[in-house]
Amino acid sequence: MLRKIIISNGLVFALAAMMPAVAAANYAQHPDVKQFINEMVNQHGFDRDYLEEKFARVKKLDNVLESIAKPAEKELTWKRYRPIFVTNKRTEKGKKFIHNNKAVLERAEKQFGVPVEVIAAIIGVESYYGKYTGKYTVFDSLTTLGFGYPKRGTFFKGELKHFLLLSKEENIDIDTMTGSYAGAMGMPQFISSSYREYAVDFDGDGKRDLWNSMPDVIGSVANYFSRHGWTQGDSVVHQVDIKNTSIVRKKNSLKPYAMLSQLESQGVTFNEKSKSQNLDKKQLATLLHLKGKKGNEYWLGLNNFYVITRYNHSVLYAMAVFQLSEKLKN
């Protein structure tokens, strides 16, 4: 996930091997780690001996540092990105996933207002419906990044803190918590802070288990979208034509910035399908430019599209989730 991670776990599995390359390192002797341990002991009541023992056994993952420095998604266009996720195979598996989890998905949609197909598409893109959840020990990954990647060290140290607190709150052995190279965990690939904030116990067993409980996974994805402002019944994006390319921004804006009526006055033309939906022309949208298989594509992303980008801050990701969800409807 996601909220701060540039690349989805699904793309990691599609483009890179997942077995970590390790190097020996005694993090317990690292001055910054010692300070971190002090904070966890003094502010959060952790046992010092426990943390020192755990950090002494951390493996430095060199290929994690290599991967985070050059995420594959930055190199892809929509033409290359779409075929990774919006495929017949992923669609058919998604339809089976919906069939097998129909009651829970419908309960989540009723409670949180998020469509069954959107919930399923997120899980399908993130972990191929739970098949690939990551083989990295998250404690090793977050320690490697928190103390070995200065560019985003503050963020990853923050996630490491959330990770340790999560393990304490949910009573999970940190050595068993696996995920992506960037620390995203379970079938929905939640980072630690998102896990603590948005994961829900949807099967009523008193735990929030995103590795093994499909109801918890489904409910947590729906809760995440609901908490980020998903509007039930509203559309996500509309493909449009434009008369004047000068209105296209050099960089796609994730957040809607102009009313539909304003964009229409600037030369944006809706297709017949969009016109038939009686869109509220006062709602905000963002004009998106993608380079697809047949050339330039122009789309208007609405509020619900922006909500998808709160899960992963990427236009390509959000578009893949949307288009996969549409295929799951048919």
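What to note about this one:
- For the condition free of Cβ contacts under 8 Å to residues at least 24 places away in the same chain, under 30 Å from GLU92 (Cα atoms) and among the polar types (S, T, N, Q), ASN223 does not qualify.
- Selection of the stretch 116-134 for residues being touching a Lys or Arg at 6+ places or on another chain (Cβ under 8 Å), more than 11 Å from LYS329 (Cα to Cα) and surrounded by fewer than 24 Cβ atoms within 10 Å (Cβ to Cβ) yields TYR128, TYR129.
- Flag for ILE122 being of a type in the set (A, V, I, L, M), in a helix (DSSP H, G or I) and at pLDDT below 95: no
For every residue, the table says whether it meets (1) assigned to a helix (DSSP H, G or I); (2) within 15 Å of LYS60 (Cα to Cα); (3) in contact with an Asp or Glu (Cβ under 7 Å, 6 or more places away or on another chain).
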residue: GLY134; (1), (2), (3): no, no, no
residue: THR144; (1), (2), (3): yes, yes, no
residue: PHE155; (1), (2), (3): yes, no, no
residue: GLU169; (1), (2), (3): yes, no, no
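- Criterion applied to LYS131, LYS135 was being farther than 18 Å from ALA182 by Cβ, among the basic types (Lys, Arg) and under 19 Å from the mean Cα position of the chain (by Cα), and the one residue passing it is LYS131.
- So LEU11, is it in a helix (DSSP H, G or I), under 21 Å from the mean Cα position of the chain (by Cα) and modelled with pLDDT under 95: yes
- For the stretch 279-320, a residue qualifies if it is within 18 Å of LEU260 (Cβ to Cβ) and small (Gly, Ala, Ser), and the qualifying residues are ALA285, GLY301.
- Selection status of SER180, modelled with pLDDT of 95 or more and more than 15 Å from PHE36 (Cβ to Cβ): yes
- Checking the stated criteria, LEU160 turns out not to satisfy the condition of being in contact (Cβ under 8 Å) with a residue 12 or more places away in the chain, in a helix (DSSP H, G or I), crowded, with 17+ Cβ neighbours inside 10 Å and out of contact with any Leu (no Cβ under 9 Å at 6 or more places or on another chain).
For every residue, the table says whether it meets (1) within 25 Å of LYS329 (Cβ to Cβ); (2) at pLDDT 95 or above; (3) touching a strand residue (DSSP E or B) at 6+ places or on another chain (Cβ under 8 Å).
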| site | (1), (2), (3) |
| --- | --- |
| LYS34 | no, yes, no |
| ASP49 | no, yes, no |
| GLU66 | no, no, no |
| LEU76 | no, no, no |
| GLU92 | yes, yes, no |
| LYS95 | yes, yes, no |
| VAL104 | yes, yes, no |
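The values are calculated or read from the model by the stated rules, or taken from the named source; none is laboratory data. As the structure is a computational prediction, the values presented were derived from the model and not from experiment. Reconstructed Cβ throughout: ideal geometry from the backbone, glycine too, with neighbour counts over all protein chains shown.
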